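The values are calculated or read from the model by the stated rules, or taken from the named source; none is laboratory data. The shown structure was predicted, so the numbers you read here are calculated from the model rather than taken from an experiment. Cβ sites come from the backbone with ideal geometry, for glycine too, and all protein chains shown count toward neighbours.
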Amino acid sequence: MNGSPATLSSRELALVLLLLVPLGILFTAVPPIPQDPAYHLLADTRTCLGIPNFGNVFSNAAFLVIGFIGLRHCILHRVDGASRSWTLFFFGTLLVAFGSGYYHWSPDNVTLAWDRLPMTIAFMALFSALIAEHVRPDIERTLLRASIAIGILSVVWWRYTDDLRLYAWVQFGPMLVIVFLLFAYRGRYGHRVYLVWALAFYMLAKVAEFGDVAIYEITGNAISGHTLKHLLAAVAPYFVYVMLRERKAISA
C-alpha cells in the first residue's frame, strides 16, 4: 500500500492475510451459523415505568451519551487523521442506543437486525479509521464506503440466510486489526494506549454477555450480565473519544 499500489510490504501482506484467512476459514471449514433462539431469552425481564426488560433497554443510554459526546467533538473540533471514519464511528455508537433499545424492548430476530446494523457501522468505521491512520491515509474515503457496505451486507446476509458467519467476521475483524496495528506499526498520533483500554473493556463486555444469568444470580438480581455488557461496552468508545481529545501528531 506504500509506494506502488500493486506492491505490498510484508506488514501489509500480513494485515491482508489476517483479515482474509479467518474469513476464508469461516466460509470453507465452518458450516453456516444459525441464530440461536435462546439468544433472546435474557435473564432480567423486569418491567419498570411501563418499559419491558427495563435494565437492558435503559442501559443503552450509555451509548447515547458517549456517542453524542464523541460526535460533538468530531464535528466541532474536526479531529486530525481519519476524521470521516471517526465521525461515523461515533454516529454509529449513538445509533446503537436506539437500535439496541428497540431490540431489548421486544427481543426477536426482526428487532435484532436493527440492533446489529448500527453496531456494524461503528465496527467498520473503526476499522477504516485505524487502517487509514496506520497504513495509507489516502484510501480512507474508499475504504470507509466499502467497509460500511460490507458491514450492512453482513446483517442482510444473516437475515436472509440465517447465517452469522459474515457478521461474526465483521464484529471481531476490527479487534484483530487493533492488536496487529499496535504491534506492527508506529502510530502517527499519540495516546494509542487508549485503544488497548477500549479493546479490554469490549472483551469484558463479551464476558458479561455470556455470563448473563450467572451475574444476575450473583448480584441478587440487582443487575444482569447483559445489562452490565451494555455499560462495559459503552466504555470502549469513551476511551476512543479520550484518545482523540488528547492526542497530537507524532513528528517523524
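A few remarks follow.
- Pair list, Cβ < 8 Å and 6+ apart or interchain, from the range 86-101 residues that are over 14 Å from Val65 (Cα atoms) to residues that are in a helix (DSSP H, G or I) and among the basic types (Lys, Arg): Gly99/Arg116
Here is a yes/no grid of residues against (1) within 16 Å of the chain's Cα centre (by Cα); (2) buried (at least 16 other Cβ atoms within 10 Å of the Cβ); (3) of a type in the set (A, V, I, L, M, F, W, C); (4) not in a helix (DSSP H, G or I):
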| residue | (1), (2), (3), (4) |
| --- | --- |
| Arg46 | no, no, no, yes |
| Asn56 | no, yes, no, no |
| Leu71 | yes, yes, yes, no |
| Gly81 | no, yes, no, yes |
| Phe90 | yes, yes, yes, no |
| Val96 | yes, yes, yes, no |
| Phe123 | yes, yes, yes, no |
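- Number of residues in the range 48-67 that are more than 18 Å from Asp115 (Cβ to Cβ) and touching a helix residue (DSSP H, G or I) at 6+ places or on another chain (Cβ under 6 Å) equals 1.
- Residue that is modelled with the lowest pLDDT [pool: residues in the range 219-252 that are loosely packed, with under 13 Cβ neighbours inside 10 Å and closer than 27 Å to Arg186 by Cβ]: Ala252
- Restricting the range 171-218 to residues that are of a type in the set (Val, Ile, Thr) and more than 21 Å from Phe90 (Cβ to Cβ) leaves a set whose member that is surrounded by the most Cβ atoms within 10 Å (Cβ to Cβ) is Ile215.
- Hits in the range 135-163 - residues which are without any contact (Cβ under 8 Å) to a residue 40 or more places away in the chain and either hydroxyl-bearing (Ser, Thr, Tyr) or in contact with a Cys (Cβ under 7 Å, 6 or more places away or on another chain) (or both): Thr142, Ser147, Ser154, Tyr160
- Inter-residue pairs, beta-carbon under 6 Å, first aromatic (Phe, Trp, Tyr) and in the range 164-186, second modelled with pLDDT of 90 or more and crowded, with 21+ Cβ neighbours inside 10 Å, 6+ apart: Tyr167/Ser154; Tyr167/Trp158; Tyr185/His134
- Residue check, Trp105 in contact with a Pro (Cβ under 8 Å, 6 or more places away or on another chain), over 22 Å from Gly187 (Cα atoms) and not small (Gly, Ala, Ser): yes
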